Each structure stands twice: as C-alpha cells, then as structure tokens.
Amino acid sequence: QLLLAQDVSFEWHHLQLWAEFYEVRIEVPRVGHADTFAYYLEAKYKFTPEFFAAVRWNQQFFSEVRDGAGGWVQWDRDLGRADLALGYRFTPHTQLKLQYSLQDEQGDRGTSHAFAAQFTLRF
C-alpha cells in the first residue's frame, strides 16, 4: 500500500480553514492496483470564544479493478458527505457539539442522514 497525503490550514481572526487530500494505491494479488482518492474541506467560525459553527465537505473516489472475467468494475462506490455542526466550549476541558451529516453514495445505497451529539472531556 502506498499513501500520499497533503494537509493545509489557514487561520484569520475568528475563521479557521483546513483541507486534506489523500491518494492511496493498494496492490491486490491477481487484481492489480486498487486506487482511491479522498479529500475534505472544513471551515470553523468562532462567534465567541465559547460558541462556534463548522461545515465540512468530503468526497472519496474509487478506481476500477479487473473483475476476473476480462472486464473492469469499480471496487467500491464513490461517496460525498456534508457535515454541519454547532459547538459550545463550557470550560477549557469540556465541550458539547451537535452535528448533522448528509451522505450520498452512488448506486443502491443512496442518501443517508445522521444526527449526533458529542460531549468531549479533556484531561
């Protein structure tokens, strides 16, 4: 397996931006190269030192591999996902985050929705 990753971030006043890109090549016996490319873009805005909102977009793409019958088939379904979050930091060690996620996959799986609540305790 080979992995190439790039990471970039930028911060200006109350705004934070991140981006990461991943390219992976997996050598599979009797199949060849199974490649995938994934990335995400994320922005976070701090309204106050305690209260923030964030948005994230990520996608993953999969290559085609030999199907054993002389043809080619995509080895997994491409997908895209959007996340929206609101967070509140109660203390330097505690935080609550509420998140909504929308994921879209090619094929039969279609679109899915998820809601999440996360409480973080750092020590």
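Taken together, the values in this text are just the output of simple stated rules run on the coordinates, not laboratory data. It should be emphasised that the depicted structure is a prediction, and the values quoted were computed from it without experimental measurement. Positions of Cβ are generated from backbone atoms using ideal geometry, with glycine treated the same way; all protein chains shown enter the neighbour counts.
What the table shows:
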| read-out | value |
| --- | --- |
| Computed magnitude of the charge dipole of the chain (debye, nearest 20; Cβ of K, R +1, Cβ of D, E -1) | 480 |
| Percent of alpha-carbon pairs separated by more than 25 Å within the chain | 43 |
| Local electrostatic count, Ser112, Cβ distance below 14 Å [Lys/Arg +1, Asp/Glu -1] | -1 |
| Those chymotrypsin sites (Phe, Trp or Tyr not before Pro) in segment 7-61 that DSSP places in a loop and that have at most 15 other beta carbons within 10 Å | Phe47 |
| Cβ-based net charge around Ala5, under 9 Å, with every Lys or Arg adding one and every Asp or Glu removing one | -3 |
| At 0.890 mPa s and 25 °C, Stokes D of segment 33-80 from Kirkwood alpha-carbon radius, µm² per second | 183 |
| Total formal charge among the other residues, if their Cβ is under 11 angstrom from that of Phe52, Lys/Arg +1 and Asp/Glu -1 | +3 |
